[in-house]
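One structure is given below, encoded as structure tokens.
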Amino acid sequence: MEKDILKKIFSNNTKEAIVRFVKKHSVMPYILIGVTMFFLTMMLTAQMKTVNSTTEILQGKRESQLIDDLVQLQRKYNDLKADHDESVKIVEEYKSNSATNSQLISSMTDELKRLSISSGTVNVKGEGIVIVLTDGTKVLEPDLRQDSLVHDSDLLTVVNELKAAGAEAISINGQRVIATSAIRCAGPIIQVNYQRVAAPFTVKAIGNAQYLESAINIKNGVADLLREIGIGVKITREKDIKIQKFDGALNFENANIDE
Amino acid sequence: MVGVIILIGFVIAGFLTGLNLVIPYVYSKYIAVAILACLDSVFGAFTANIDKKFRINIFLSGFFGNALIAMFLVFIGDKLNVDIYLAAVIVFSGRLLNNFSTIRREYIQKIDNKVNREKNKNKIEKI
């Protein structure tokens with residue numbers, strides 16, 4: 001009983017104290033202005049953060065800037081290519097040396113890994129994006145295209161754009177896209193690697209997810225064009241994408257290494 | 001004093017929440033225009049305070065209302081493929097500069113008055 005009474009008195013006192021404090025210092029307007037300041041600083045910092053983090057992406061850059069970047073990157077590419085040529089020479093030297101040291105083996109296995117990834121003969125996984133293309137139902141003006149279905153050319157543009165953005169491995173509905181892959185129309189369905197694939201098309205690509213996404217999403221880019229036609233485009237970034245290896249046979253009958 | 005501490009607390013809280021917020025790049029245009037609108041309201045409040053016309057209701061409604069209308073303009077502009085938000089940007093930044101000049105004049109006037117008063121005092125003492 002006593003405790004309860006004490007509590008009541010105590011709470012009443014604190015309440016009164018708070019009320020007195022608020023009245024004495026006229027806190028209310030400060031709180032209201034403070035709330036607005038809260039929103040303002042919140043938006044300012046968030047905006048600055050997003051602008052800072054997106055300057056590196058293609059989006060929002062001006063054309064001239066992009067051209068400058070391109071020239072710079074090309075220069076860098078040439079430098080790196082020279083480096084690469086040098087290292088290829090070194091590897092060549094190792095190869096010609098009959099000494100089977102551990103360095104040679106490790107460089108060979110590294111080369112083997114790199115080549116098997118680029119040729120698509122191993123399963124790979126990593127960061128990337130998943131694009132789902134679904135047939136649209138919209139009927140278009142007849143002078144352009146009769147339908148809003150996903151055509152082989154659409155898939156080709158998407159794949160091409162992904163490659164241009166640095167995709168390291170691409171698959172369409174489980175069919176790995178490799179150097180000799182063909183994507184073409186075959187009647188009502190599309191063939192990839194001579195295997196039939198049908199809508200909805202799931203294009204998986206491993207690479208820098210941010211670059212891939214912005215390459216597809218860029219204004220007036222592939223995604224915009226496809227959406228205009230009426231095709232459903234859904235892009236999701238994923239941390240861990242698994243892409244199956246190419247399961248056909250690689251036959252080179254006419255191409256021989258020219259030394 | 002208490003008021004200043006409360007204000008600083010709110011600003012710090014806003015800063016921290018802002019650091020942890022992630023705005024998709026698509027919406028950054030909206031936020032940018034909203035920020036301009038809010039800044040305009042704040043400077044407007046300063047000017048009103050100088051004229052002794054500051055009212056908290058007007059400030060609050062202007063602060064949020066302007067931001068919302070500015071965002072709406074951006075939205076409409078996106079839909080119509082016209083950069084209407086440029087109008088908002090121009091109006092808001094114009095008003096911002098006007099308000100700033102009013103504030104500047106007021107404070108420079110005050111300082112001038114002070115200097116003149118002291119000069120006069122010195123003269124009187126000399127005499």
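Please go through region B:32-72 and give me each residue that is over 11 Å from the mean Cα position of the chain (by Cα), in contact (Cβ under 8 Å) with a residue 40 or more places away in the chain and surrounded by fewer than 21 Cβ atoms within 10 Å (Cβ to Cβ), ordered by number.
Matches in region B:32-72: B:50, B:71.
Which residue pairs have Cβ atoms under 6 Å apart, sit 6 or more places apart or on different chains, and have a first residue in region A:25-52 that is within 7 Å of another protein chain (Cβ to nearest Cβ) and buried (at least 16 other Cβ atoms within 10 Å of the Cβ) and a second that is hydrophobic (A, V, I, L, M, F, W, C) and assigned to a loop (DSSP other than H, G, I, E, B)?
A:46/B:21; A:46/B:23; A:50/B:23
Among A:196, A:237, A:227, which is the only one that is assigned by TED's automatic domain parsing to the domain that holds residue A:134, surrounded by fewer than 20 Cβ atoms within 10 Å (Cβ to Cβ), in contact with a strand residue (DSSP E or B) (Cβ under 6 Å, 6 or more places away or on another chain) and over 30 Å from residue A:63 (Cβ atoms)? Working first, answer last.
Working: A:237 fails: over 30 Å from residue A:63 (Cβ atoms); A:227 fails: over 30 Å from residue A:63 (Cβ atoms).
It is A:196.
Looking at the structure I just gave you, is residue B:47 of a type in the set (Val, Ile, Thr), within 8 Å of chain A (Cβ to nearest Cβ) and touching a helix residue (DSSP H, G or I) at 6+ places or on another chain (Cβ under 6 Å)? Quick ask: steps written out before the conclusion?
On the way: of a type in the set (Val, Ile, Thr): yes; within 8 Å of chain A (Cβ to nearest Cβ): no; touching a helix residue (DSSP H, G or I) at 6+ places or on another chain (Cβ under 6 Å): yes.
Answer is no for this residue.
Could you pull out the residue among A:196, A:227, A:184 that is in a helix (DSSP H, G or I) and among the charged types (D, E, K, R)?
Working: A:196 fails: in a helix (DSSP H, G or I); A:184 fails: in a helix (DSSP H, G or I).
Answer to the selection: A:227.
State yes or no: is residue A:211 surrounded by fewer than 16 Cβ atoms within 10 Å (Cβ to Cβ) and out of contact with any strand residue (DSSP E or B) (no Cβ under 6 Å at 6 or more places or on another chain)? Don't jump to the end; show me each part of the working.
Values: surrounded by fewer than 16 Cβ atoms within 10 Å (Cβ to Cβ): no; out of contact with any strand residue (DSSP E or B) (no Cβ under 6 Å at 6 or more places or on another chain): yes.
No, not satisfied.
Checking the structure you have, find out if any residue of region B:106-124 is among the hydrophobic types (A, V, I, L, M, F, W, C), surrounded by 13 or more Cβ atoms within 10 Å (Cβ to Cβ) and under 20 Å from the mean Cα position of the chain (by Cα).
So far as region B:106-124 goes, no, none of its residues is among the hydrophobic types (A, V, I, L, M, F, W, C), surrounded by 13 or more Cβ atoms within 10 Å (Cβ to Cβ) and under 20 Å from the mean Cα position of the chain (by Cα).
For every residue, the table says whether it meets (1) outside any helix (DSSP H, G or I); (2) surrounded by fewer than 17 Cβ atoms within 10 Å (Cβ to Cβ); (3) at positive phi; (4) at pLDDT 90 or above.
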site: A:129; (1), (2), (3), (4): yes, no, no, yes
site: A:136; (1), (2), (3), (4): yes, no, no, no
site: A:143; (1), (2), (3), (4): yes, yes, no, no
site: A:153; (1), (2), (3), (4): no, yes, no, no
site: A:162; (1), (2), (3), (4): no, no, no, yes
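Only residues that are touching a helix residue (DSSP H, G or I) at 6+ places or on another chain (Cβ under 7 Å) and part of a helix (DSSP H, G or I): list them for region A:199-216, please.
Within region A:199-216, A:212, A:215, A:216 qualify.
Mind telling me which of the residues A:11, A:26 ends up being out of contact with any strand residue (DSSP E or B) (no Cβ under 6 Å at 6 or more places or on another chain) and at pLDDT 70 or above? I'd like the intermediate steps shown before the answer.
Details: A:11 fails: at pLDDT 70 or above.
Selected residue: A:26, the only one of A:11, A:26 that is out of contact with any strand residue (DSSP E or B) (no Cβ under 6 Å at 6 or more places or on another chain) and at pLDDT 70 or above.
The values are calculated or read from the model by the stated rules, or taken from the named source; none is laboratory data. Please read these numbers as outputs of a predicted model, since none were measured by experiment. Backbone-built Cβ (ideal geometry, glycine too); neighbour counts: all protein chains shown.
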